[in-house]
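The values are calculated or read from the model by the stated rules, or taken from the named source; none is laboratory data. The structure displayed is predicted, hence computed values, not measured ones. All Cβ positions, even for glycine, are placed from backbone atoms using ideal geometry, and neighbour counts span all protein chains on display. Calculation scope for accessible area: heavy atoms of the full protein, side chains included, ligands and nucleic acids excluded. Shrake-Rupley method; radii C 1.70, N 1.55, O 1.52, S 1.80 Å.
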Amino acid sequence: MAKHTLEQKLAILSDAAKYDASCASSGSNKRNSRDGKGLGSNEGTGICHAYAPDGRCISLLKILMTNFCIYDCTYCINRVSSNVTRARFSVDEVVKLTIEFYRRNYIEGLFLSSGVIRSPDATMSDMVQIARKLRHEENFRGYIHLKTIPDAAPELIAEAGLLADRLSINVELPTDAAVQQYAPEKKPEQIRKAMADVRLHKEAAKETSFTGKRPARFAPAGQSTQMIIGADGSNDATVLGQSTRLYSSYKLKRVYYSAFSPIPDASSKLPLIPPPLQREHRLYQADWLLRFYDFQLDEITSVTADGNLDLEVDPKLAWALVHREVFPLDVNRASREMLLRVPGFGIKTVNRILSTRRYRALRYDDLMRMGASMKKARAFVTARGWSPGGLIDTADLRARFLPPPQQLTLF
């Protein structure tokens, strides 16, 4: 095997990490080094969520510890049978890169994932060692996200939670059957057990002992997971059903949806073309409605006959177009629950409506000033001096929300 320089390793292993989607940092505790002790901070501008065109998160040092892997997951470019250039960082090299990049103000934290080398325990042990050196030897107070190895010993994941801000464990695919087909060495029950252990550790870390002493913080930014979409035949109802169970059972912060990306020398089991990126976007919108807008899973997924989300309009608008009988709503009288179902109304807008209408009746212009997208909402609401008339019942209402057709070129 050719010996790579540190720069070459960085090129290989940062490129390999672009398939990992979960690098957001919401929910982390604030830390800084204003007292003159330590290095780094996750305050102020914090961790920015900017992404380069190739998918890399440019505010975190987002790398794999190695792209060697003993597993042969069909959909993964780093599988053992893949013919890609391999590289591996040592523990000290990752620590050095993180510190030096931080000092140059290139990054605000570290997102570390890895292929599985030798054994899950050996890989996880090296990742924990990196986090331990950063925290205890370098006094690094920036953000750390570790993508853990589910089969690793529980005590290693427990230590990882004490050092990192966020832990993530990939469920890989929407169903157990798909995981068994495409990643036979991975065990869905082991992945769920690892998630359950992280949840129990987090809950235990919130309990105060009888002496009043609180235990050390454990993964304060919580845990997340990633699911590959479009590699198997699961529809959106199956994907969102899995997400709903994960949120309720393991109290995840986020489920990330990653559209399957065709890889070189791919298995014939995999589709030849990727799913439309719009599908990934619609899944995130539906996920948001389920978590913050009190929508139920079957309300969102029953809009189309095949259980997939409508790619042409967002899930809330798709639901409203199918349930026109409940509209238009009077913004001066409707409940919070129903206002949240108006296309173009976000949570902040609804809160402003509820707060303001205690003092006076709202007009159309008031809704615009409150931030409502009236281009979407105007057909679904009434206000003082505004009525959509028969707009809600017009046959071409859906067409009004679609982009104008484009003339195809002959050449």
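Listed here are the residues, each with its yes/no results for (1) over 26 Å from LEU354 (Cβ atoms); (2) touching a helix residue (DSSP H, G or I) at 6+ places or on another chain (Cβ under 8 Å); (3) hydroxyl-bearing (Ser, Thr, Tyr).
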site	(1), (2), (3)
ARG245	yes, no, no
PRO271	yes, no, no
GLN278	yes, no, no
HIS281	yes, no, no
GLY307	yes, yes, no
LYS316	no, yes, no
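Screening GLY27, GLY40 for residues that are at pLDDT below 75 and open to solvent by less than 30 Å² (accessible area, probe 1.4 Å) leaves exactly one candidate, GLY40.
Exactly one residue among VAL303, VAL322, VAL313 is under 30 Å from GLY233 (Cβ atoms) and in contact with an Asp or Glu (Cβ under 8 Å, 6 or more places away or on another chain), and that residue is VAL303. Being within 19 Å of GLY241 (Cβ to Cβ), free of Cβ contacts under 8 Å to residues at least 24 places away in the same chain and in a loop (DSSP other than H, G, I, E, B) is the filter here; which residues of region 261-316 pass it? Selection gives GLN296, SER302, VAL303, THR304, ALA305. Considering region 200-215 alone, what residues qualify as being open to solvent by less than 70 Å² (accessible area, probe 1.4 Å) and either in contact (Cβ under 8 Å) with a residue 40 or more places away in the chain or of a type in the set (A, V, I, L, M, F, W, C) (or both)? Within region 200-215, LYS202, ALA204, ALA205 qualify. Filtered by the rule that a residue be touching a helix residue (DSSP H, G or I) at 6+ places or on another chain (Cβ under 7 Å) and part of a helix (DSSP H, G or I), region 167-214 gives ASP176, VAL179, PRO188, ALA194, MET195, ALA196, ASP197, VAL198, ARG199, HIS201.
The set of residues in region 341-369 being within 18 Å of ASP314 (Cα to Cα), among the aliphatic types (A, V, I, L, M) and either open to solvent by less than 20 Å² (accessible area, probe 1.4 Å) or at pLDDT below 95 (or both) consists of VAL342 alone. Residues in region 317-331 that are open to solvent by 50 Å² or more (accessible area, probe 1.4 Å) and assigned to a helix (DSSP H, G or I): VAL322, ARG324, GLU325, VAL326.
How many residues does region 90-107 contain that are at pLDDT below 90 and in a loop (DSSP other than H, G, I, E, B)?
We begin by selecting, within region 90-107, every residue at pLDDT below 90; these are 101-107.
Now restrict to residues that are in a loop (DSSP other than H, G, I, E, B): 104-107.
Residues meeting the conditions: 4.
Looking across region 221-249, the residues that are within 18 Å of GLU203 (Cα to Cα) and outside any helix (DSSP H, G or I) come down to ALA221, GLY222, GLN223, SER224.
Say we look at region 276-292 and pick out the residues that are surrounded by fewer than 18 Cβ atoms within 10 Å (Cβ to Cβ) and not charged (D, E, K, R); which of these is nearest to ARG336 (Cα to Cα)? Walk me through how you get there before you give the answer.
Step one: of region 276-292, the residues surrounded by fewer than 18 Cβ atoms within 10 Å (Cβ to Cβ) are 276-278, 281, 284-285, 288, 291-292.
Adding the requirement that they be not charged (D, E, K, R) leaves 276-278, 281, 284-285, 288, 292.
Working: PRO276: 34, LEU277: 32, GLN278: 29, HIS281: 26, TYR284: 23, GLN285: 20, TRP288: 17, PHE292: 12 Å.
Only one residue fits best here, namely PHE292.
Please pick out the residue among ALA87, ALA52 that is open to solvent by less than 30 Å² (accessible area, probe 1.4 Å), modelled with pLDDT of 85 or more and of a type in the set (Gly, Ala, Ser). Before you say what the answer is, go through the steps one by one.
Values: ALA52 fails: modelled with pLDDT of 85 or more.
Testing whether each residue is open to solvent by less than 30 Å² (accessible area, probe 1.4 Å), modelled with pLDDT of 85 or more and of a type in the set (Gly, Ala, Ser) leaves just ALA87.
One residue stands out in region 55-68 among those that are open to solvent by 30 Å² or more (accessible area, probe 1.4 Å) and either in contact with a Leu (Cβ under 8 Å, 6 or more places away or on another chain) or not charged (D, E, K, R) (or both): the one that is modelled with the highest pLDDT, namely PHE68.
Being among the hydrophobic types (A, V, I, L, M, F, W, C) and open to solvent by 70 Å² or more (accessible area, probe 1.4 Å) is the filter; apply it to region 251-275 and report the residue that is nearest to the chain's Cα centre (by Cα). Even if it seems obvious, please write down each step before you answer.
Keep residues of region 251-275 that are among the hydrophobic types (A, V, I, L, M, F, W, C), which gives 252, 255, 259-260, 263, 266, 270, 272-273.
Okay, now just the ones that are also open to solvent by 70 Å² or more (accessible area, probe 1.4 Å), so 272-273.
Values: LEU272: 25, ILE273: 23 Å.
Ranking the qualifying residues of region 251-275, first place goes to ILE273.
Among the residues of region 122-143, is there at least one that is among the β-branched types (Val, Ile, Thr), open to solvent by 10 Å² or more (accessible area, probe 1.4 Å) and closer than 27 Å to ALA231 by Cβ?
Quick first cut of region 122-143, residues among the β-branched types (Val, Ile, Thr) only: 123, 128, 130.
Pick out the ones that are also open to solvent by 10 Å² or more (accessible area, probe 1.4 Å) and you get none.
No: region 122-143 contains no residue that is among the β-branched types (Val, Ile, Thr), open to solvent by 10 Å² or more (accessible area, probe 1.4 Å) and closer than 27 Å to ALA231 by Cβ.
Given the criteria modelled with pLDDT of 95 or more, in a loop (DSSP other than H, G, I, E, B), more than 22 Å from the chain's Cα centre (by Cα) and of a type in the set (A, V, I, L, M, F, W, C), does ALA334 qualify? Quick ask: steps written out before the conclusion?
Details: modelled with pLDDT of 95 or more: yes; in a loop (DSSP other than H, G, I, E, B): yes; more than 22 Å from the chain's Cα centre (by Cα): yes; of a type in the set (A, V, I, L, M, F, W, C): yes.
Against the criterion (modelled with pLDDT of 95 or more, in a loop (DSSP other than H, G, I, E, B), more than 22 Å from the chain's Cα centre (by Cα) and of a type in the set (A, V, I, L, M, F, W, C)), ALA334 qualifies.
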